[in-house]
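The values are calculated or read from the model by the stated rules, or taken from the named source; none is laboratory data. Keep in mind that this is a model prediction, so the values were computed, not measured. Cβ: placed from backbone, ideal geometry, glycine included. Neighbour counts: every protein chain shown. With ligands, DNA and RNA removed, areas are computed over all heavy atoms of the protein, side chains included. Shrake-Rupley method; radii C 1.70, N 1.55, O 1.52, S 1.80 Å.
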Amino acid sequence: MSSIKLNTSLFSKRLRNVYNSWNNAGKDEDYASIAGANALLLAAGDPAGEDEPIRKGTAFQTWLLGFEFPSTFLLFQKNQLAILCSASKAKILSQLKNADSPVPIEFFVQAKAKDPPTDALPRFFQAYAAHDQVATLTKEPHSGKLVDEWNKLLSEAEKKPAVVDMAPAIGSLLAVKDEEELKHARTAANLTSTLLAHYIAPKLETILDREAKISHEAFSAQIDARIGYGEGDNTKPPDMKVWSKGRGLNDVDWGSVEFCYPAIIQSSSTSTGYEIGPSAESTQDDISHKGVLLVAVGMRYKSYCANLARSFIVDPSKASREQEAIYALLVSLQADLLLRLKEGAVAKELYQHALSYVKEHKPELESHFVKNLGHGTGMEFRDASYVLSAKSSRKLHAGMVFNLVLGFTGLEEGGKKYALQLIDTVLIGADKGTCLTTGMKSVKDTMFFLNQDEAESSKAPTKKAPSAKAGVNGNASPAKNKVAGSKVLRSKTRSAAQDEVVQSMNSKIAEHQKELHAKLHAEGLARFSEGGGGTGGKEGKGWKRFQSYKGEAALPREVENLRIFVDRKSQSVVLPIHGYAVPFHINTIKNVSKNEEAEITLLRVNFQTPGQLAGRKEDTPFEDPDATFIRSITYRSIDGSRFDAISKQITDLKKEVNKREQQKKEMADVIEQDTLVEIKGRRPTKLPEVFVRPALDGKRLPGEVEIHQNGLRYQSPMGSQKIDILFSNIKHLFFQPCDHELLVIIHVHLKAPIMIGKKKAHDVQFYREASDVQFDETGNRKRKYRYGDEDELELEQQERKRRQMLNKEFKLFSEKIAEAATASTGDSLEPDIPFRELSFEGVPFRTNVRLQPTTECLVHLSDPPFLVVTLADIEIASLERVQFQLKQFDMVLIFKDFTKTPLQINSIPTAQLDDVKNWLDSVDIPLSEGPVNLNWGPIMKTINEDPYEFFQQGGWSFLGGSAGGEESEPDDESETESEFEAESDVSESSPSSVEGSDYFDGSDASEDEGSGSDFGSDESEGDDWDELERKAAKADKKRTEGGRGHDSDADSDRPRKKAPVKAKGKTNGKR
């Protein structure tokens, strides 16, 4: 116990919060219960049983001290914190004396059992009795030796302070979670969501598919065993097959994971009936394979709770879709309430709104609705002071976590009672609530249909046999139970399953995209209207004034000879004109040309003038475009070598000035960072042995990254070279594990570029190679003494372990960077991890790379040049070259800042088109599809000239509107196809044609157009061989005589070749 280390900084922060809330209790109604108290008493007796829920007092003590200390009294006084405890506890709690406490701390140490008693308890009681009013948790009973002695003193005391209940105030203190608490709550929510999605739901499908007999209680016990059980040699570890599929669960301390209550499973066979809430129990009755199944599971991580519950509807009646409609109402109600669960919301108003919502959509369900919408949660599973009921007037604040409970009880279907529930753990935000628990929520995920009934009612008897045969297969994995071969289906029939995947997804995307496009158009009109702060894109280029010399006296001496002179210092060219030396700044000169005619050499100097339509300088501004300009001036000389030298000097000077201007333009956005404030008094947190990109000058050696007070520092082993990155300049922080990569990476994307060496950098990356290149697998000693595959297996295990350690080390360091940056700047920064499962290939630069979406960006971090695109900066995504015949398509990302060049990502495989569209739609990015590439340079120039006019004329509607609807046939493109492509389409589509089709007879296109729809016609016998040979010969003769040279024949051939392609599509559609 002496090895316990308390977090003194966290203690002082939370103790200060207690005193600030107490001192300001008169101004805040949340703490009104302690406004008149002179002291606060927190008593703790013997520890409660394992089956008892955590009490508010225990939660408050654990929140403040970090651990539970039984038989310990805390007396909060205005000028002192008094702690009554045993000697062993006092030794641990003495660490608090070093904390930055708002009040002094005094310990009242009791004697050990063998030692004579001390006066600690009487003195502590004397301090307690000296106050007129003391707030304590009056409804919490305690037991134990210390409590008995305390009660004895209370009964014997002549003067006792008035006692008030401080439970509402303690509830308010614990309700708003800090970042450390939210981190634990999110982990608990991830554990709960992972258990539901990757164990409970697949296991439930298996039970239904195999028609297995298992009781509710047994299934609940199997769920509880996923976190491990037993002690000593009989210990069973957590089921990592389940937990490895969850996000952010690699560093979980499994000793701190427990269930809030045994998992609750209820079905129509539950003897006690349906009940919504944690007080329900899983009975010993067998799970029913039809009707409504209710599943509830709650998990606790480091004392913080998360809870979710779902309803699964198995084989609902075909005549009535009432159950599906009621559950859909719960889903829509939750989405509506999430928008209202924000700062300042009042509990009773939320409940009244939910009740009105139900009354508006289904009035008959009002009496069946739950009596409250849930409660606050944290260390206490249910905080009674924050119940979302019709009587509670408590206000919600950002940072609170609630268990949002929605459901209907006492419903009836076919004479049987049932209930529906939808419960999630929700984080209250400044403007809306966020579900911490996710998964298995949509109507599609919660509806199960039995394929057996569908097969019996099917008109085609051929579908019945394979369906029944597949259903008997008891070895089918849960993942395969979702296909048509098993009994449990997400949809009713095979065709319905295909429709749900294809049509439903496309229709949902199309509907969502219409909303996004409408919203985008409205925002564009508002942004660029006269009063909307829009610039109109008319800033353009400004006229730049330049001067060669301040006066005639500043002219160089060389001009006295009246010869052409190039003055590199003044960046000017002095030309003799009619006996005068006239200087021209190099910016006024466009170029110089030299021609030779016999013995005479001509030197022509061309100047910048308005009205030049060619080149990039056509939009060069002039101070007075209406003035008279000299377009060019020509000199003649017999000294050709001198003109060669002058021409070279002018050209070199022009190149030098242009290069300098280009460098200046490139460095315009480079910032000079403030000074890095180093940590003093302790060593900074370091990540050793890492390489940096872009690389520093010199030999490639690993350095170390340090976290300082206001930024990061990469220190090269050379000593003199270093890179400083301030937290205020970090826009995005990424951590990319080495699971499928050669490198493990921490990547920093900057708000403004910085100089590293002589180059500017928008991105700085710290990485370490995952493979151990110093280890020679072919020449190590182990192979001399051992043969076979054992050593290779051992090397693979070592490699896997090394990668896991690298991931853990880099992820932990990235989280420490995020914590330090958040503490320094006040803005929340979290490490973003790429989703490899959503990745797709493309060519954003010159090479084909894997692009991976993250929560906020689209990135490529494995190799330079890096790509980091912030999703919030994207205006619209245009998918180009989307055609059935092509194997690849392009994607153009247009930014909200129209002055930025659109990003073009080429050569994305067409097989990933649906994945890309689904991802873009899921992150609320408007998208469009088109068969050809667009020239975005002129388009963006036109938009920038008058953005408001652009949106008034329809905005982005010229791209074709929302994607995801009906696919248009590329008729225009097919007209420009080569004959070779058309014929290849014919040969590809011919195998799918029907026997007896007239496709190959060479007849007119009008006859062929109906070939795709003649499958059910009476003329199914076809022609005999003689007739076919006669028609083939006739067709060959016609082709030979007509040839390819006549336009009319060529035009008539195109529809004839296109018709079978359509027929092919119809054939596939009918199958």
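Odds and ends about this structure:
- Condition check for L6: assigned to a loop (DSSP other than H, G, I, E, B) and either in contact with a Phe, Trp or Tyr (Cβ under 6 Å, 6 or more places away or on another chain) or over 30 Å from P262 (Cα atoms) (or both): yes
- Residue in the range 35-53 that is in a helix (DSSP H, G or I), of a type in the set (S, T, N, Q) and assigned by the TED database to the domain that holds W150 present: no
- From the options K89, K114, residue that is open to solvent by less than 50 Å² (accessible area, probe 1.4 Å) and without any contact (Cβ under 8 Å) to a residue 40 or more places away in the chain: K89
- Within the range 236-258, the set of residues being surrounded by fewer than 18 Cβ atoms within 10 Å (Cβ to Cβ) and assigned to a strand (DSSP E or B) comprises K236, E258.
- Any hit, the range 571-583, residues being part of a loop (DSSP other than H, G, I, E, B), modelled with pLDDT under 85 and under 22 Å from E623 (Cβ atoms): no
- Consider the range 428-440 and keep the residues that are assigned to a loop (DSSP other than H, G, I, E, B) and in contact with a strand residue (DSSP E or B) (Cβ under 7 Å, 6 or more places away or on another chain). The one that is surrounded by the most Cβ atoms within 10 Å (Cβ to Cβ) is T437.
- One residue from E380, E364 being modelled with pLDDT under 95, assigned by the TED database to the domain that holds G414 and either crowded, with 19+ Cβ neighbours inside 10 Å or within 26 Å of the chain's Cα centre (by Cα) (or both): E380
- Scanning the range 403-412 turns up at least one residue that is closer than 29 Å to G291 by Cβ and surrounded by fewer than 16 Cβ atoms within 10 Å (Cβ to Cβ).
- Boolean, F76 is assigned to a loop (DSSP other than H, G, I, E, B), open to solvent by less than 40 Å² (accessible area, probe 1.4 Å) and in contact with a Leu (Cβ under 8 Å, 6 or more places away or on another chain): no
- Residue in the range 340-354 that is buried (at least 20 other Cβ atoms within 10 Å of the Cβ), basic (K, R) and more than 23 Å from the chain's Cα centre (by Cα) present: no
- Condition met for F369 (open to solvent by 10 Å² or more (accessible area, probe 1.4 Å) and touching a strand residue (DSSP E or B) at 6+ places or on another chain (Cβ under 8 Å)): no
- Any chance D233 is surrounded by fewer than 22 Cβ atoms within 10 Å (Cβ to Cβ), in the same structural domain as T272 (by the TED database) and modelled with pLDDT under 90: yes
- Restricted to helices (runs of 4 or more DSSP H) entirely inside the range 152-221, those with at least 2 residues that are open to solvent by 30 Å² or more (accessible area, probe 1.4 Å) and under 30 Å from E819 (Cβ atoms) are 179-195.
- Looking only at the range 384-400, and only at residues there that are at pLDDT 90 or above and under 20 Å from I276 (Cβ atoms), the one that is most open to solvent (accessible area, probe 1.4 Å): K391
- Residues located in the range 695-719, provided they are open to solvent by less than 50 Å² (accessible area, probe 1.4 Å), closer than 23 Å to F735 by Cβ and not polar (S, T, N, Q): L696, P702, G703, V705, E706, I707, H708, G711, L712, R713, Y714
- Per-region count, the range 623-640, residues touching a residue at least 60 places away in the same chain (Cβ under 8 Å) and either in the same structural domain as P753 (by the TED database) or open to solvent by less than 50 Å² (accessible area, probe 1.4 Å) (or both): 1
- Residue check for I646: in contact with a Lys or Arg (Cβ under 8 Å, 6 or more places away or on another chain) and modelled with pLDDT of 90 or more: no
- Within the range 891-929, the residues that satisfy the criterion of being assigned to a helix (DSSP H, G or I) and among the β-branched types (V, I, T) are T910, V916.
- Any hit, the range 130-140, residues being modelled with pLDDT of 90 or more, assigned to a loop (DSSP other than H, G, I, E, B) and surrounded by 15 or more Cβ atoms within 10 Å (Cβ to Cβ): yes
- Filter pass, S101 being open to solvent by 20 Å² or more (accessible area, probe 1.4 Å), closer than 25 Å to D148 by Cβ, small (G, A, S) and touching a residue at least 40 places away in the same chain (Cβ under 8 Å): no
- Taking the criterion of being in contact with a strand residue (DSSP E or B) (Cβ under 8 Å, 6 or more places away or on another chain) and either open to solvent by less than 60 Å² (accessible area, probe 1.4 Å) or of a type in the set (S, T, N, Q) (or both), the residues of the range 641-674 that qualify are F643, I646, S647, Q649, I650, T651, L653, K654, V670, Q673.
- Within the range 711-760, the residues that satisfy the criterion of being free of Cβ contacts under 8 Å to residues at least 12 places away in the same chain and either assigned by the TED database to the domain that holds V849 or not in a strand (DSSP E or B) (or both) are G719, S720, K758.
- Condition check for F67: aromatic (F, W, Y), modelled with pLDDT under 90 and either in the same structural domain as F107 (by the TED database) or crowded, with 20+ Cβ neighbours inside 10 Å (or both): yes
- The combined condition, being part of a strand (DSSP E or B), surrounded by fewer than 21 Cβ atoms within 10 Å (Cβ to Cβ) and over 23 Å from the mean Cα position of the chain (by Cα), is fulfilled by R768.
- Condition met for I313 (assigned to a loop (DSSP other than H, G, I, E, B) and open to solvent by less than 60 Å² (accessible area, probe 1.4 Å)): no
- Filtered by the rule that a residue be surrounded by fewer than 20 Cβ atoms within 10 Å (Cβ to Cβ) and closer than 27 Å to N935 by Cβ, the range 850-866 gives a lone residue, P865.
- Of the residues screened, I943 is one that is modelled with pLDDT of 90 or more, over 28 Å from S504 (Cα atoms) and not basic (K, R).
- Candidates S269, S332 - the one that is open to solvent by 20 Å² or more (accessible area, probe 1.4 Å) and farther than 27 Å from L388 by Cα: S269
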